[in-house]
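This report refers to the structure that appears directly beneath it.
The values are calculated or read from the model by the stated rules, or taken from the named source; none is laboratory data. Every value quoted in this text rests on a predicted model; they were computed, and no experiment measured them. So basically every Cβ, Gly included, is an ideal-geometry build from the backbone, and we count neighbours across all protein chains shown.
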Amino acid sequence: MAEPSKIKRQEIRLLNRKSLDISGVLKVESFDSEAFLLETEAGVLAIKGQNLHMKNLNLEQGLVSIEGYVHSLVYRDGSSGKSSGLLGKLFK
């Protein structure tokens, strides 16, 4: 049985496709006004949209808040290796 402190948890709250709050964030890989790439406890998360900007970042607590118009949220899973890099996974 897994210890309660080892259980990974992530929450994503999207309000009207304009305000996004994410917990369980380990690292911000890259971001610009059209895409964010986040390493989370649940996997690599790619966020695409328009006029995206980071409203809040607290990696100690694993929290990121993003504003803008969100088109998609996609987890990038796969064991193809790191030869293409995280950006390569984002733009497949």
| Quick one: what pairs do we get from the range 6-30, first residue without any contact (Cβ under 8 Å) to a residue 12 or more places away in the chain, second surrounded by 12 or more Cβ atoms within 10 Å (Cβ to Cβ), C-beta under 7 Å, 6+ apart or different chains? | Arg13/Asp21
| said: Given (1) surrounded by fewer than 16 Cβ atoms within 10 Å (Cβ to Cβ); (2) at negative phi; (3) modelled with pLDDT of 75 or more, identify the lone condition not met by Ala35. | reply: (1)
| note | Picked from the range 38-49 (must be within 9 Å of the chain's Cα centre (by Cα) and of a type outside the set (S, T, N, Q)), the residue surrounded by the fewest Cβ atoms within 10 Å (Cβ to Cβ) is Gly43
| Ser79 vs. criteria of a type outside the set (A, V, I, L, M), at pLDDT below 95 and not in a strand (DSSP E or B) | yes
| said: Going by what's in this entry, would Leu52 be described as surrounded by 16 or more Cβ atoms within 10 Å (Cβ to Cβ), more than 10 Å from the chain's Cα centre (by Cα) and at pLDDT 95 or above? | reply: yes
| Asn58 versus (1) under 20 Å from Lys8 (Cα atoms); (2) at pLDDT below 95; (3) loosely packed, with under 12 Cβ neighbours inside 10 Å: which is the lone unmet condition? | (2)
